Structure formats: C-alpha cells, structure tokens
Amino acid sequence: MRPPGTGRPVELLPVIGLVLGVLAVTALAARISFPAPVLLVVAGVAVSFVPGVPDYQVSPELVLSVLLPPLLFGAAFESSAVAIRRLLRPIAQLSVVLVLLTALAVAGVTVLLVPEMPFGAALALGAAVAPPDAVAAVAVARRVGLPRGLVTVLEGESLFNDATSLTLLRVAIGAVGMSGIAWWPAFGRFSWAAVGGLLIGLVLGWVFSQLRRRMTMPLTTTAMGLLAPFAAYEAGELAHASGVLAVVVCGLLLGHRSPQEVAAAVRLTESATWASVRFVLEGAVFALIGLQLVGIVRSLDTEQHHVWWVVALVPVTVILSRPVLISLIHLVSRVVPGRTARAGPRSIAALSWAGMRGVVSLAAVQALPVDLPFRSLIQVATVATIVGTLVLQGLTLPAVVRRLGIAEDRTSEDLAERAEARAAASAEITRQVDELQQQGRFSEPQAELMRKWAALRDWRNWDDPEQSKAFGRELSAVSDWRRALLGIERTVIVGLRNDGRLSEDVLTEMQHELDLEEALLERRSQAVDGHLEELPDAEDSPGSGGPQDPDEGHRSDQPGPAAEDDPAPVGPRPTPSWAGDAPAASALTTEAEHAAENLRRDTG
C-alpha cells in the first residue's frame, strides 16, 4: 500500500513482463537452436496483439543514452583491439564508406518513388537503415562458425558504423527545408565527430584505466566500469562529437588493458556482471522492435499509392546494394596503395549477407523530429528493413555459410594456441626460477619443485603424445573425485548452517571458495576432454589449421609483424619421468602452488 500524496506509482509491471518474456523466449530459442534476435522480434509482434498488453513506446533518448552505450561498450570491451587494428582498413571502409554509399543509394531510390519527398528526409531514411547491428550480426556470425578474421571485420564494422550513421542523420535532418545539403559544413561535422569522439574515448579510457588500477575492491571497480559507457557517451555529446565513437574507443582501451591492470577477482566479477547486463539489454531491444511494430504501421497513411512501394523496396535496396558496394570497395582498395588482407569472392559473399539491422536503426527513426515530412513512412520503412533483414538474413546466414564452405571449427587451432602459450609460460617460469636460484634466493629442491609445477601445467605440450594422453586421463579422474569431495563438503556445511551450528557469514565465505574451486575444476576438465579428443588427429595433420578460403590467394600483404620479427616457435616439452603418477602430481600441485606464491612475492 502506497503512502498518500506520493504521486503516480512507477509502472514496473511492463518492465517485469518484458524481462520475463526475454528470458522465456531466449531459453526457447536456445532449446530449438533458433536465432534468438529473430524469435524475439516475432514474439514481440505476436504479443502486441494480445488484449491488455501495454503500448510500449520507447523514447529515443532512452535508446540512445541508456540502452545503446552499455551494449556497444560491452561488445567493444570483449573485442580484440589488436585484431581490429590489424584489419583497420577494411573496417574503416565498411563502417564509413559503405554506410555513406548505402544511405545515398536508399535516398536515391526513395526520391524516385516519392518525388515530393525532400532529399534531406530521404537521406535521413538512408542514414537510419545503413548501419548493420553489432548484436545481431556478430552473434549469428559466431554461431555459424564464420572465420575469425571475417567475424573481426563484422564486429569492427558494427561497432564503428553507428557513429557514421547518427552523424549523417543529423546532417540530413538539418538539410530538410533547405535548398540542399551544405557539403563542406557537413564534412567538417563528420571530421569533428570522428576526431573528437576518438580523442574523448582515449582520454576517458586512460582516466578510467588509472582509476581502476588504484581500486582494490572488486565491486567498486565493477561499478566504475558500469559508469564508463554513460560518461563517455555524455562527454562526446556535450562536445558535439560522436558519443557512440567515444564509448567504443573507451571500451576497446579498457578491455585491452584489463588483463594487466585489474585483479583476477575484478575480472571474474566484471565478466559476470557485463554478461548479465548485455543478455537482458540485447533481448529487450529486439523484443521492443516487435512490440512497437504494429503501432508504427497503424500510424502510416496507407491511402497514398507510393507507401507500400517504399516499404517493400527500401529493404530490397539495403540487401542488394550491400554485396555490390562491398565488391566495389574491395576492387578500389586493391588499386589504392596500402597493406590490407585480400578477401576472396566467398568471403565477400558471407560479409554481404551478414547485414542484419537492429537497435541503432530503431533509435534513429524514433529520434526524428515530429514535424519531419513523411516521418511515419520513414519509420515504417526502417522497421520493415530491420525485420526483413533479421528474418531473411538471420535465418538463412547459417545455410549460406555452409553453402559457401567457409565455416571453420577452430577447436584444434585454439587448443594448439593454448598449448603454445602454456609452453612459452613454462619456459619463462623455468628461466626466472634458474636466475633466482643462481642468486641464492632459494634452494635446489625448491627450484626443482617449481619446475615440476610448471611442467605439470604444460602437460598438453609434452613431446610424447601417448604419455600426454595417459596423464590427461589420470588428471581427468583426479578432477572427478575432487569435484565429488567438494560436493560432500558443500552438503556438510549447508547441513551445519541449517542446524544453527554455522553462521550465514561463514557459510557464504566457504561457499564462495567452493564455487571458485569447482568452477576451476570444471573448466580444466573441459580443457582436458577437448585435448584428449584432438590428440589422435594431431599426429595425422600436425600444424594444420581450420578450413581456408581457397580463392583468397596469398596474403603477403596482410598487416602484421614481419616474419623475422616473430618469436621463435616453442616446441614440445620433454615428458617428465613422473608423469604417470596422477595422485602424486595432485599433491605436487598443492605444494608447488605455495612455493609459486612465495616466488611471486619475491619477484614483485
């Protein structure tokens, strides 16, 4: 019961219903192996016809300043800044040039269909439907097994193209009612949006990075990370630059520096928090598209003969222009001097079909001025493009990738990279242990114990596959009984709590320790099982990678370090004589971890 005089209650039921619906539909999509964004849109349209369902009208400010920043920041934080830097040229071509050309193509088709529409309004429609969505494209691309380089290009394109689209939208709206677009002022606006957004993102990324380095509490550091995307967006907008670009750059910088700047406990907390936030927000965005579709269509004046032609041909223009423009950009880029990776026809075809639209297009048309000519038509054509690309391309992209034959299973390559990294780390541990022993920091038995601990962690890279496989089986058995013992301990401490012999605070602390240990055992068990499955194939095809695109040709001009600058490959490690004794190895692990902790403290 609410106290009198406190005003109208906050409407929480629509929010609760939206979140519950997102959870249910997403679970169903995972169960039936169906793209969740598509199913969420369809479910939203269906639910909007149910009597009593509230009218979900989302303000553009909410989408642009509340929903979009954390979504883009979370995607940028998890992206590889190194990979994006290596493929910066094709990413820039797709996120800037392709967006501009697509917007002009859509504007041209729209003016042909509706001659009385101002070119500024038509260009606003083109700007709204030009950028592919970061959430939809990358999620589907990863699920269908696109090559990692193509996923990086798609990811980079969908992160940076929003800045181009929203800046062009502002230019187009400003040109409505004028005789034409002032191109030089527009170019200056584009330049400042890019440069200003980049500088603001870098500065704020550095500031937040310094703050995170000095914080010691995981919850405080995580809360600071949640504040970063909103601060970056508002700073960019206040400076009349691109707030979206500032968010993306800030997220890339913090994500790149996170492994070296924050503690493990912070990364664990941060990862779980951002996964939950993105899961709910991504689902809510696509559900809102479906929930608002019927209301937007009803607002359209369907008596005008050109309406349905625009609604039908704008999505067709967006879908068909993408492969043509990508091919044209690729041909021009091969003529212009510069170092870039060469993509074959099948890679271009896959990129062309991964052009699903989403949240930015929805927010763009909702931000249109109320008095903009043909506003309802622009909104309906944009929503039709979003739904059409999500349904058509989202559902058929897996089949297209399989048909093109470029899907790859990187399991063996990932395991090989993991083994090489472990070997390099083991070699460095051994080198530093030898140096510290020579300095008299500890005795030979202690040094030998640390070397054995390093070799134990490097068991996947032993030079004897049979010994490695046998030890892996023993290690898997050890993990199984350790998980069983943890289950016994968990049952005992919960029973003690229920009997009143253990306080809730102590139970929470012990439960947290058990959860961390069990999660680590589960992760190691999965790695062991995957390695054991791959071992027989490793002898048949050593050093082989995933499927390659045969029409891509040589890649001598691909950016990256020169061959002579690459570190020497780390070869197999000798198999220890004590490899078959798994229980002894388990005891050795516990003892060596204490010695390694002492080593870490000694070396700073």
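Descriptive notes on the structure:
- Global form of segment 31-87, assessed from the alpha-carbon gyration tensor, a/c cut-off 1.5: oblate
- Remark: spin-label model distance E522-R170 equals 4.6 nm, labels positioned 7 Å along the Cα→Cβ axis.
- Anisotropy class of segment 226-296 from Cα gyration tensor, a/c 1.5 cut: oblate
- Distance between the pseudo-spin-label points of F279 and V294 (7 Å out from Cα toward the beta carbon): 2.9 nm.
- Highest mean packing comes first when the peptides 257-267, 70-80 are listed by Cβ atoms within 10 Å, giving 70-80, 257-267.
- Classification of segment 206-327 by its C-alpha gyration tensor yields a prolate form. The axis ratio a/c (a ≥ b ≥ c) is 1.5 or more, and a/b outweighs b/c.
- Residues of segment 264-283 with amide N under 20 Å of the 7 Å Cα→Cβ point at M217: 264-274
Quick note: the coordinates plus some simple rules give every number you see, no bench work behind them. Being a predicted model, the structure only gives us computed values, none of them experimental. FYI the Cβ positions are ideal-geometry reconstructions off the backbone, even for glycines, and counts take in every protein chain you see.
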